Structure formats: structure tokens, C-alpha cells
1. Test of understanding: what is the full-extension gain from A:Ser25 to A:Asp197, defined as 0.36 nm times their sequence separation minus their Cα-Cα distance?
2. Got the B:Ser29 label distances to the other copies yet, label 7 Å along Cα→Cβ, in nm, shortest first?
3. Between B:Thr63, B:Thr54, B:Thr168, find the one with the highest GNM mean-square fluctuation for chain B; connect C-alpha pairs within less than 10 Å.
4. Run lengths n ≥ 4 of DSSP H only: what is the helix-derived mean residue ellipticity at 222 nm for chain A, with -39500 (n - 2.57) per run over all residues, to the nearest 500?
5. Please give the peptides A:160-167, B:193-200 ranked by average Cβ packing (other Cβ atoms within 10 Å per residue), highest first, as a rough proxy for protection.
6. For an R0 of 51 angstrom, estimate the FRET efficiency from the Cβ-Cβ distance between A:Asn15 and B:Arg262 and round to the nearest 0.05.
7. Hey, if you put +1 on the Cβ of every Lys and Arg and -1 on every Asp and Glu Cβ in segment B:193-281, which of B:His249, B:Met271, B:Gly235 ends up farthest toward the positive end of that dipole?
8. Going down the table (B:Lys2/B:Lys22; A:Lys282/B:Lys160; A:Lys160/A:Lys203), which pairs top 21 Å between alpha carbons?
2 protein chains.
Amino acid sequence: MKRSYKDLIKGLITNDRVCLSKLISSIESDPSSIFKIIDSVKRIPNKVYTIGVTGPPGAGKSTLTNQIIKKFRSMDLKIGVIAIDPSSPFTGGAVLGDRVRMQEHSLDTSVFIRSVGSRGDLGGLSSSTSSMIKLFDIFGMDIVIIETVGVGQTELDIIKISDSVLVTLVPEAGDGIQAMKAGLMEIGDIFIVNKADRGGAEKLAREIDYMVSLKHDSSSRKNKVLTTQAENDIGVDELIQEVLDFRAHEESSGALVKKRNRRKISELNTMVEKRLRNELEKTKETATFKELIDKLENGLLEPEILVQNVIDLIKKSN
Amino acid sequence: MKRSYKDLIKGLITNDRVCLSKLISSIESDPSSIFKIIDSVKRIPNKVYTIGVTGPPGAGKSTLTNQIIKKFRSMDLKIGVIAIDPSSPFTGGAVLGDRVRMQEHSLDTSVFIRSVGSRGDLGGLSSSTSSMIKLFDIFGMDIVIIETVGVGQTELDIIKISDSVLVTLVPEAGDGIQAMKAGLMEIGDIFIVNKADRGGAEKLAREIDYMVSLKHDSSSRKNKVLTTQAENDIGVDELIQEVLDFRAHEESSGALVKKRNRRKISELNTMVEKRLRNELEKTKETATFKELIDKLENGLLEPEILVQNVIDLIKKSN
């Protein structure tokens, strides 16, 4: 039996994982369904804290994410994970070992993992990721982790939705310069040199720290560069502490509220522009619009004169 | 003394070159002035035929354009030229010889040449070029030639405004493949291998002809490939004949009307979208909008709920 939207939303609020899963699917198949959901719940708790984990393929993002989940679970926090990285075990693209490691969380009802395909249309991915975070928020999650490969503009746009961005790198030749190129330096709040047992880790950490210094101004907190060996749980506690410190600092300085408000305004803008495009498309289906186009095609009216008529049509429509 | 808009438009209709020049300048400094102009004249004669001349730098586009002007002048046609090519003598980027050659036309009151800088903002260039063609049309020109370097997407967009597109190439290694890459093959109606006294001209012409055959379907007229030596006035008469034939064919088949109507509809679309963006910006200045943003920032309303309020605000505005 198919459940009604109302029931699904009721279930979401009362912590029903099946309802969460079904609502995420509905967002994926019809992005506009977020409007119905928000209209029904009216207010979002705004309690969730989002952490973006990004970096080049092979940087160990999944292993690190896995450790972060464990640490937060030991603090009894509820965690949602959105994995957009196609090489992530969450999205099914990794070796068996990683997958097995993930399965321990799949039995934990306080962890909800969702993989999102990034192969298809990336255009709407940023807004549907944002919608998913809202669902997690309503569901009562404390933390949402977004994992994505920091390679393209869209991936960077998605990761920017996060309250804090963790950039993960590995000590390999040219990684520092690669990071700059990919725009990762611009978006990172905390930098992690993972697989720090490999040669060159300290050198890379110093390089990044130098780049961080360059863009740092005295009015703000300087971004930290940490070294980890996620595989062996080395440096992860320090990372968690830094995430908590960063959050506390941004909360007390008002930076977090500002960041979230900028995001909300930008979201509103995107939604309004999309709605206006829809209004235009709807108007094009009307008989009046078709008559105007006839006149245009018959040389009776120039586009410069017609434009106001079309605007009027859009304004009059419901 | 500064002349009023009304006077300038009156002058434009009565063939005053100074008024044409001033109105073109007003389009350049304020693109929206075309609305006032069209609103005043109401209808455009739609008599002008536009020819786009494009190709890589050094293909001899300016020399060719110069010859085309001469031929059309001998047929007593009035000609407007819009030069967007930064290397064109019209835009002042060429050797003295070319410039001197142009000056003969500057004394001819039936030729009006306007250079347009392409270095700055290219975004509005396509629509302001279209506006200039309309001014030439109202002024009573028979032919408008648009000269541009076929290198970027914007240049291709501009040249697409033409009723016929002349792609000029020179026999140099790899030119054929370059043409395909630059999208020139897609937009060309007539292909010209200029500087045909150089080695490899016949080979290039055959190559292009082969590429033309590939995209040709039996329902349409096959695009011609001609060889010229513009410098020595060789092959230019044949080119003019082909332009006239192409035009006659597109007029009798209805293809020209279709092409122009598609262009008008696309223009209308661009104008409506621009106007909607303006309406949104205007709305953002209202007190009501600012109150809504306050509520958003204070977490009293979610963007998903606000979007309809903003649309309503836009619709209610004048």
C-alpha cells in the first residue's frame, strides 16, 4: 500500500526511517516535492550541523568519514550521510573491505546513509542535496556529513552547502598545487593530510599551512591543517575536536548564522528564478501568447513592443 | 545643442547620417534605448539583408569585405558595416594599407561603417549588434555586413544574426579541421577559400566540400565552396552571384522567413528573461521584500514558503 504524503511527513517527524527513505526518494524523482514537505511542516528545526568532506580520489575520504561517524556515535549523536563521491563505498564504487566496514553502521539506527549518483544531471544535485539535509534536520539528525570528490564546479557548489568543509589530501607530488587549482583552498575550513605515514606528509602540511596563511587576515580565525592516519585512528580525535572548536567559534562570532543566512537568500533567489522560468513556460502555452507570436511572425509587431505584453501576461497568470 | 530622441529618430527616418551615428552610440551606452526607438517608429521596414563575414584571423576578411562593398555599391545598394573583429581595419587594428583602402568608402555617403569593440563585455554584444541592424534597416540600408573573427561562442552567436554567413578560410595546414572545431562548419552558408593563389587552396576547398556533403541532406540546397583572391578581385563576382542566388533560394523556399522568425522569437525570449530579472531586482528594493528577508534570516519562514510571496510581489509590481 502506498502511503500518503501526509503520513510520510508524520512518520518523518516521529523518526520513522522508512518514511525518511521514501521522502528522499521522492525528492530525487521530483525535486519540487520539497515545497509540499516544507509547506506541511512549516518550520525546520535548524538543529543539524553539516560537515562536508571533500578531496581528490584516493585521499581516503571514505575511511575518514567512517571514523568521524564512529567518533560522533560515541558522543551519542545521530548522523546522516549523503555520499556523492562515485568512488565512495557508500555509492558502491569501492573495494570490499571498505564496504564491510560501512555495514556496521547500516545496523545502527542512528546512522542513515544515502548514496546519490553524480553521473547523470549534476544541475539539480546541489538543490536536492540541500533538500535532503532539510529532511535529515526534520528527522532529528544532529550531524549531516556530505562526502564528494572535489574535482568539478558542481561538486564544489554542493560542498559549499556545508557549515564546515574538510579538505582531505594525501602526501603525493603536486597535491598542494592540485588543491589550489581545484579551488579546494578557497572552500576549506579544515585541511587534513591523510595517510600521514607516507613520506612527504609534513612537507605537504607545511605547504598548505603557508597557503592558508596567505589568505588569512587578522580579523578571522586561521584555518587549521591537521595530519591523520584515518585507517589506524591516528589524529581523528584531534580532527573531531577541531570541528567542534570551529563550530563553537563560528557560533559565538555569529559567522555561522551569517553563512546560513547567505545560503538561504541564495536558495530563495534560485527558487524564484526557477519559478519565473516556469511561469514563462506556462504563459507560452496560452492562446494569447500564441496570438502574439502570430503577429510577430507576420511582422505586425516587433519583439521590443511585444515584450511588455508577455510580461503582462505572466503577471496576470495564476 | 543636444538633440532630443524624437528629433534623432525623425532624422534617422529621413536619412540623416549624424542621427544614425548618434543613435548607434546611444545603443552602445544604453542598450535599452532600442525600446524607446522601436516604440517610436512602431514598425521596422524589414528590408535589409544581413551578411555575416567570419573566419580565423588573417583569412583576409577585411579585404574581402572591402571588395564586397565595392560590388554592391556598383549595384547602387546602400550598405552598413558592423565590424567586431579586433584585427579589422574598421576597428582600427590593421596595417596602414588596409586603412587607406577603407577610406574611399568613408567618403561615400551610401556606406556607413561602425566599429564595435569586442574586448570588453561580450555579453550584450549580440543584442546590441541586432539593435544596430534595426537602425540600419530604419535608415534605409539594403545590405548590412557584420564582420567578426570566428573564434569564440559569442562571435558565433553574433554572426548567427545574419541572413547568410560567409566563412572565410585560407589554405594553411590544418585549417579544415580548425574550421570544424570552431563551429564554423555548422554556421556557414557559403565557404570561401581566400588567398587561393597559395598552395593547398584546391585541396582545402575539396576538404570543405566533403564536410559540407556530409551534413547536407537532400531536402535542402547544398552549401557552395568558392575560391577567391580578394586582393586581386578574382572570384569576388562569383561570390556576389552566389550570395544573391542563396538569398533568392531562401526567399522563394520560405527558409529566410523561417530563419528570421526563429530569430525574432529567440530575441523576444531573451528580452522577456532579462525583463523578469529586472523585475526581480526591483522587487528586492521594496520594503515588503526586505521584511520577508528579515523573517527568513530570523528563521520564521523557510525559502520554500517565501518563494511564492516573492513571485506575488513581482506580479503585483508595475
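1. In short, 57.9 nm is gained.
2. 5.9
3. Looking only at B:Thr63, B:Thr54, B:Thr168, the biggest GNM fluctuation is shown by B:Thr63.
4. Rounded to the nearest 500, the figure is -17500 deg cm²/dmol.
5. Order by mean packing, descending: A:160-167, B:193-200.
6. For R0 = 51 Å, the calculated efficiency reads 0.40.
7. Value: B:Met271.
8. A:Lys282/B:Lys160; A:Lys160/A:Lys203
Read-outs throughout are calculated quantities, based only on the coordinates presented, and are distinct from any laboratory measurement. All values derive from a computational prediction rather than experimental measurement. So basically every Cβ, Gly included, is an ideal-geometry build from the backbone, and we count neighbours across all protein chains shown.
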